[in-house]
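Below is one structure, written out as C-alpha coordinates; the observations come after it.
The values are calculated or read from the model by the stated rules, or taken from the named source; none is laboratory data. Since this is a predicted model, take the numbers as computed values, not measurements. Here Cβ is always computed from backbone atoms with ideal geometry, including for glycine, and neighbour counts include all displayed protein chains. The protein model used for the area step is the full one, side chains on, heavy atoms only, and it has no ligands, DNA or RNA in it. Shrake-Rupley method; radii C 1.70, N 1.55, O 1.52, S 1.80 Å.
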Amino acid sequence: AMSSVIIGGQVLSLVLTLVAIPVIYSLFDDLGRLRIMSRFAGFIRGLLTGLVGSLTARRATRPSPELLGSDAGGGEGE
(Lines give C-alpha, C1' and ligand atoms only; values in the text may rest on other atoms or scores of the structure.)
Protein backbone atom coordinates (compact mmCIF):
# COMPACT_ATOMS: atom_id res chain seq x y z
CA ALA A 1 0.00 0.00 0.00
CA MET A 2 2.80 2.42 0.86
CA SER A 3 4.63 1.76 -2.40
CA SER A 4 1.53 2.59 -4.45
CA VAL A 5 1.17 5.90 -2.58
CA ILE A 6 4.83 6.76 -3.19
CA ILE A 7 4.72 5.77 -6.86
CA GLY A 8 1.44 7.65 -7.34
CA GLY A 9 2.91 10.76 -5.75
CA GLN A 10 5.99 10.57 -7.94
CA VAL A 11 3.88 10.15 -11.08
CA LEU A 12 1.60 13.02 -10.07
CA SER A 13 4.52 15.36 -9.41
CA LEU A 14 6.12 14.35 -12.71
CA VAL A 15 2.92 15.08 -14.63
CA LEU A 16 2.43 18.40 -12.84
CA THR A 17 5.96 19.66 -13.36
CA LEU A 18 6.48 18.44 -16.93
CA VAL A 19 3.00 18.83 -18.41
CA ALA A 20 0.52 20.85 -16.36
CA ILE A 21 2.72 23.77 -15.28
CA PRO A 22 4.11 24.48 -18.79
CA VAL A 23 0.61 24.27 -20.30
CA ILE A 24 -0.83 26.63 -17.68
CA TYR A 25 2.12 29.00 -18.15
CA SER A 26 1.57 28.98 -21.91
CA LEU A 27 -2.13 29.71 -21.50
CA PHE A 28 -1.48 32.62 -19.16
CA ASP A 29 1.22 33.92 -21.51
CA ASP A 30 -1.21 33.84 -24.42
CA LEU A 31 -3.90 35.53 -22.35
CA GLY A 32 -1.39 38.12 -21.16
CA ARG A 33 -0.78 39.20 -24.71
CA LEU A 34 -4.43 40.10 -25.16
CA ARG A 35 -5.37 43.68 -24.46
CA ILE A 36 -8.09 42.67 -22.02
CA MET A 37 -5.74 40.65 -19.84
CA SER A 38 -3.00 43.30 -19.80
CA ARG A 39 -5.02 45.38 -17.33
CA PHE A 40 -5.59 42.34 -15.14
CA ALA A 41 -1.92 41.42 -15.32
CA GLY A 42 -0.96 44.97 -14.33
CA PHE A 43 -3.35 44.80 -11.41
CA ILE A 44 -1.93 41.46 -10.23
CA ARG A 45 1.63 42.70 -10.71
CA GLY A 46 0.88 45.81 -8.62
CA LEU A 47 -0.83 43.73 -5.98
CA LEU A 48 2.12 41.36 -5.68
CA THR A 49 4.61 44.23 -5.66
CA GLY A 50 2.68 45.91 -2.85
CA LEU A 51 2.47 42.67 -0.89
CA VAL A 52 6.19 41.99 -1.21
CA GLY A 53 6.94 45.60 -0.33
CA SER A 54 4.79 45.47 2.79
CA LEU A 55 6.37 42.19 3.92
CA THR A 56 9.83 43.62 3.37
CA ALA A 57 8.94 46.78 5.27
CA ARG A 58 7.46 44.75 8.10
CA ARG A 59 10.67 42.72 8.42
CA ALA A 60 12.79 45.85 8.35
CA THR A 61 10.83 47.50 11.17
CA ARG A 62 10.71 44.47 13.45
CA PRO A 63 13.25 44.92 16.26
CA SER A 64 15.74 42.18 16.87
CA PRO A 65 15.58 40.21 20.15
CA GLU A 66 18.91 41.70 21.23
CA LEU A 67 17.40 45.17 21.13
CA LEU A 68 14.35 44.17 23.17
CA GLY A 69 16.26 43.25 26.30
CA SER A 70 15.94 40.32 28.67
CA ASP A 71 12.12 40.03 28.35
CA ALA A 72 12.41 38.94 24.71
CA GLY A 73 13.80 35.54 25.62
CA GLY A 74 10.39 34.01 26.19
CA GLY A 75 10.72 33.63 29.92
CA GLU A 76 14.23 32.22 29.95
CA GLY A 77 15.45 34.76 32.52
CA GLU A 78 12.72 34.00 35.04
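Taking R0 as 22 Å, what's the FRET efficiency between ALA41 and VAL15 from their Cβ-Cβ distance, rounded to 0.05?
0.25
With all protein chains present, calculate the accessible area of VAL52 using a 1.4 Å probe and round the result to the nearest 10 Å².
90 Å²
From the protein chains alone at 1.4 Å, what is the descending order of accessible area for ILE44, ILE24, largest first?
Final ranking, largest accessible area leading: ILE24, ILE44.
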